[in-house]
1. Can we say residue 77 is within 16 Å of the ligand (Cβ to nearest atom), of a type outside the set (S, T, N, Q), touching a Lys or Arg at 6+ places or on another chain (Cβ under 7 Å) and over 26 Å from residue 30 (Cβ atoms)?
2. Return the pairs, sorted by first residue and then second, in which the second residue is among the aliphatic types (A, V, I, L, M) and open to solvent by less than 40 Å² (accessible area, probe 1.4 Å), the first residue lies in region 75-89 and is part of a helix (DSSP H, G or I), the beta carbons are less than 6 Å apart, and the residues are 6+ apart or on different chains.
3. Output the number of residues of region 35-51 satisfying the condition of being touching a Gly at 6+ places or on another chain (Cβ under 8 Å), open to solvent by less than 80 Å² (accessible area, probe 1.4 Å) and of a type outside the set (S, T, N, Q).
4. Checking the condition touching a residue at least 12 places away in the same chain (Cβ under 8 Å), on the phi < 0 side of the Ramachandran plot, open to solvent by 50 Å² or more (accessible area, probe 1.4 Å) and within 16 Å of the ligand (Cβ to nearest atom), which residue from 128, 119, 135 passes?
5. Would you confirm whether any residue within region 146-159 is surrounded by 13 or more Cβ atoms within 10 Å (Cβ to Cβ) and closer than 13 Å to residue 7 by Cβ?
6. May I ask you to list pairs of residues, at least six apart or on different chains, whose Cβ atoms are under 7 Å apart, with the first in region 91-108 being among the aliphatic types (A, V, I, L, M) and the second being in a helix (DSSP H, G or I)?
7. Suppose the filter is modelled with pLDDT of 95 or more, among the β-branched types (Val, Ile, Thr), surrounded by 18 or more Cβ atoms within 10 Å (Cβ to Cβ) and within 11 Å of the ligand (Cβ to nearest atom); does residue 86 pass it?
8. How about region 27-52: which of its residues are away from the ligand (no atom under 16 Å from the Cβ) and either within 24 Å of residue 74 (Cβ to Cβ) or small (Gly, Ala, Ser) (or both)?
Amino acid sequence: MISVIFVCLGNICRSPMAELVFKQMVKERGLELSFSISSRATSDEEEGNSVYPPAMKILRAHGIEGGHISRQLTKREVINADYVLVMDSGNLFDVLRLTGGACSDKVFKLCSFTSRPRDVADPWYTRDFERAFSDISDGCAGFLNYVLSEHGEMLGYDSRY
Ligand code: 4NP
């Protein structure tokens, strides 16, 4: 079992989008039982709130259903995770501040797993939810390929099927 936590500032736009996109990708490969997938906020601004409706609308437009309630990330959750995937440099700074610099070897920007490493710009401010979805999908696909190349054998994954 590989545990993955997607992290952004509010946990109502980018990280729940990434959680639901990645869950769908994992399901399509029949790997649901091999992953624990969740998402969290670095702030408590949106604690208890649902996925922002424009973010949910973009997900549904791409055939992805589901939901999430915003929760702030804890240090213990980082310690227990295998991978903590943040959306931008600000999130990276905030996660490492939370851990006091510990666990830095498991915290990555999501789009560092793509051919074009970049931040996932916050659609809360840019209002470009389609762009965020595209960057997130690219990052999740790159991360899944990376994880399967690193741990595929342990997970019993056979790329021929
Ligand atoms: P997210 O977007 O980090 O992608 O969930 C945001 C949502 C809410 C706020 C900031 C960012 N906010 O300040 O309330």
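The values are calculated or read from the model by the stated rules, or taken from the named source; none is laboratory data. Predicted, not measured: the structure shown is a model, and the values here were computed from it. Note that we place each Cβ from the backbone using ideal geometry, even for glycine, and neighbour counts take in every protein chain shown. When the accessible area is computed, the model is the full protein with side chains, heavy atoms only, and any ligands, DNA or RNA have been set aside. Shrake-Rupley method; radii C 1.70, N 1.55, O 1.52, S 1.80 Å.
1. Here the answer is no, as residue 77 does not meet what is asked.
2. These pairs meet every condition: 78/84.
3. So the answer is 3.
4. Working: 128 fails: touching a residue at least 12 places away in the same chain (Cβ under 8 Å); 135 fails: open to solvent by 50 Å² or more (accessible area, probe 1.4 Å).
Within the list 128, 119, 135, the selection yields 119.
5. no
6. Taking only residues 6 or more apart or on different chains, the pairs are 95/78; 96/104; 98/75; 98/78; 107/92; 107/95; 107/96.
7. yes
8. Here is the first cut: in region 27-52, the ones away from the ligand (no atom under 16 Å from the Cβ) are 27-37.
Hits for region 27-52 are 30, 34, 35, 36, 37.
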